[in-house]
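The block underneath contains the structure these notes are about, expressed in structure tokens.
The values are calculated or read from the model by the stated rules, or taken from the named source; none is laboratory data. Predicted, not measured: the structure shown is a model, and the values here were computed from it. Don't worry about glycine lacking a Cβ; one is built from the backbone with ideal geometry, like all the others, and counts go over all protein chains shown.
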Amino acid sequence: MSEGRQGVVAGVTTVLGGFRDFLMRGNVVELAVAVVIGAAFTNIVNAVVEGVINPVVGAFGTRDLSAYEVCLRGDCAGDSGVAIRWGAVVSASLTFLITAGVVYFLMILPLTRFMARMRRKEEVGEVTPVITELDLLTEIRDELVARRTGRPVATVGAQRSGEAEPPSGPVEGQGRGDGPAKE
């Protein structure tokens, strides 16, 4: 193959690879699924509006909402009049409200609650124990004992029993500059 042809093939491969990466992104796939489900869901909502809502409205007037209109000029019964079909707008608005309500209450609200629960579980797992005054005082006591004896002391929540060992370092007031020795 010539060098020019190899460059074209490499360019096409790069473009097709980028297109494949674009299609495989989670957002694009989720959007495609949402469009397909939305199209199928629209048929269900239209059936509910035509099968349930329109007959209820038909109890007060005509069965078909699109039959409601206002004639602006001329005779609307013939082709010479100008009609505003406000019934079709009401029907489309009802379809939209029902669709939005079902999507919110059956999809968005449960998903939001689920995500909130998952966040709370993550927060509970990451909570550090609260240090109380007693814990701080215990740490200070253990640090002071460790300094006096010259060796580390295990942290214990309760007081220690038994006699304290004599300090291995200088006695208070001797060589540490703490002031006069206590008698």
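Values as computed for the structure displayed
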quantity	calculated
Some residue of the stretch 99-107 being within 30 Å of residue 45 (Cα to Cα) and touching a helix residue (DSSP H, G or I) at 6+ places or on another chain (Cβ under 6 Å)	yes
Residue in the stretch 139-154 that is surrounded by fewer than 11 Cβ atoms within 10 Å (Cβ to Cβ), within 51 Å of the chain's Cα centre (by Cα), modelled with pLDDT of 75 or more and not in a strand (DSSP E or B) present	yes
Search result, residues across the stretch 128-138 that are in a helix (DSSP H, G or I) and of a type in the set (Ser, Thr, Tyr)	138
